[in-house]
1. Just one of the numbered conditions (1) more than 22 Å from Q165 (Cβ to Cβ); (2) open to solvent by 60 Å² or more (accessible area, probe 1.4 Å); (3) free of Cβ contacts under 8 Å to residues at least 24 places away in the same chain; (4) in a loop (DSSP other than H, G, I, E, B) is not true of A40; which one?
2. How about the range 7-37: which of its residues are among the aliphatic types (A, V, I, L, M) and either open to solvent by 50 Å² or more (accessible area, probe 1.4 Å) or in contact with a helix residue (DSSP H, G or I) (Cβ under 6 Å, 6 or more places away or on another chain) (or both)?
3. I'd like to know if the range 125-132 contains one or more residues that are exposed (fewer than 15 other Cβ atoms within 10 Å of the Cβ), within 16 Å of the chain's Cα centre (by Cα) and closer than 15 Å to G56 by Cα.
4. Give the range 96-114 a look and list any residue that's surrounded by 21 or more Cβ atoms within 10 Å (Cβ to Cβ) and either within 12 Å of the chain's Cα centre (by Cα) or modelled with pLDDT under 90 (or both), or say none.
5. State the number of residues belonging to the range 59-95 that are at pLDDT 90 or above and of a type in the set (D, E, K, R).
6. Looking at (1) modelled with pLDDT under 90; (2) within 12 Å of the chain's Cα centre (by Cα), can you tell me which one R170 breaks?
7. Give me the strands (runs of 3 or more DSSP E) completely within the range 43-119, filtered to those with at least 2 residues that are in contact with a helix residue (DSSP H, G or I) (Cβ under 9 Å, 6 or more places away or on another chain), ordered by residue number.
8. So, D155, is that one of a type in the set (D, E) and at pLDDT 95 or above or not?
Amino acid sequence: AGLPAGVWNVVTGGGQGVFEAYVIASDAESDLAALQVTAAGLPHLPLGDSDAVEAGRPVVVLGFPFGGQVEVGRPVDAGVVPEVTVTAGSLSAARADEEGNTRYLQTDATVSPGNSGGPMLDEDGYVVGLVRMKLARDAGSQGAGFSVPVDVVKDFLEANSLLEQLPVARLRPGVRHTLEWKRIALELPDGYSDSSAGRVLADAGE
């Protein structure tokens with residue numbers, strides 16, 4: 001559940017090296033932690049919107065199942081950094097909590113020990129979840145994988161004043177707006193306003 005305070009090592013691909021990382025926020029209930037490294041130009045993945053994903057759509061899970069042991073073609077030691085494993089599947093379901101909020105995203109993509117904390121990506125390459133656990137009847141069954149929705153991750157970052165450091169926004173449904181000139185009614189995120197060209201033309205004609 002989360003990570004204890006202290007110094008950790010973050011290893012990046014592409015020969016960029018190993019960096020010391022510090023836990024700057026953690027939450028045991030959601031099993032999330034934020035680590036900070038001092039470096040520039042590191043690779044990253046864009047955060048998506050887990051409320052927008054639909055069951056049946058393709059997803060990809062990235063991770064390091066079985067750690068360095070997966071490098072079966074060479075001797076394994078503490079210095080071996082495995083190549084990332086990519087497994088494809090689909091989003092099976094969105095599992096809600098007692099309040100009706102999406103708490104887990106279920107997938108049929110293969111998830112194994114070592115995938116925990118790895119991203120689940122939608123078909124456009126956006127992170128929609130972080131792998132949390134696997135549910136299986138026994139060690140020999142594939143079971144089902146579950147990830148923490150990225151919107152829950154955003155809530156965690158926002159609660160720790162970290163979301164503002166990322167080029168993303170946490171949009172939430174706002175009040176219901178009726179756009180008479182478009183003859184539609186819909187819920188718009190808080191802070192959103194309609195400024196399409198059609199609205200400008202409609203106002204200009206009044």
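1. (1)
2. Start the filter on the range 7-37 by keeping residues that are among the aliphatic types (A, V, I, L, M), which leaves 7, 10-11, 18, 21, 23-25, 28, 32-35, 37.
Of everything in the range 7-37, those that are among the aliphatic types (A, V, I, L, M) and either open to solvent by 50 Å² or more (accessible area, probe 1.4 Å) or in contact with a helix residue (DSSP H, G or I) (Cβ under 6 Å, 6 or more places away or on another chain) (or both) turn out to be V7, V11, V18, I24, A28, L32, L35.
3. Applying the first criterion (exposed (fewer than 15 other Cβ atoms within 10 Å of the Cβ)) to the range 125-132 yields 125.
From the residues that got through so far, the ones that are within 16 Å of the chain's Cα centre (by Cα) too are 125.
In the following step, the residues that additionally are closer than 15 Å to G56 by Cα were identified as none.
No, the range 125-132 contains no residue that is exposed (fewer than 15 other Cβ atoms within 10 Å of the Cβ), within 16 Å of the chain's Cα centre (by Cα) and closer than 15 Å to G56 by Cα.
4. To start, the set of residues in the range 96-114 that are surrounded by 21 or more Cβ atoms within 10 Å (Cβ to Cβ) comprises 104-105, 107, 109, 111.
Of everything in the range 96-114, those that are surrounded by 21 or more Cβ atoms within 10 Å (Cβ to Cβ) and either within 12 Å of the chain's Cα centre (by Cα) or modelled with pLDDT under 90 (or both) turn out to be Y104, L105.
5. Our first condition is that a residue be at pLDDT 90 or above; within the range 59-95, this holds for 59-62, 86-95.
Filter once more, so that each one left must be of a type in the set (D, E, K, R): 95.
Counting residues in the range 59-95 that are at pLDDT 90 or above and of a type in the set (D, E, K, R) gives 1.
6. All conditions pass for R170, except number (2).
7. Values: elements: 58-63, 85-96, 102-107.
Because the criterion is at least 2 residues that are in contact with a helix residue (DSSP H, G or I) (Cβ under 9 Å, 6 or more places away or on another chain), the strands (runs of 3 or more DSSP E) in the range 43-119 that meet it are 85-96, 102-107.
8. Numbers: of a type in the set (D, E): yes; at pLDDT 95 or above: no.
So D155 does not fit the description; no.
The values are calculated or read from the model by the stated rules, or taken from the named source; none is laboratory data. Computed from a prediction, not measured in an experiment: that's the story for all the values here. Positions of Cβ are backbone-derived with ideal geometry, glycine not excepted, and every protein chain shown enters the neighbour counts. Ligands, DNA and RNA are excluded from the accessible area calculation, which covers all protein heavy atoms including side chains. Shrake-Rupley method; radii C 1.70, N 1.55, O 1.52, S 1.80 Å.
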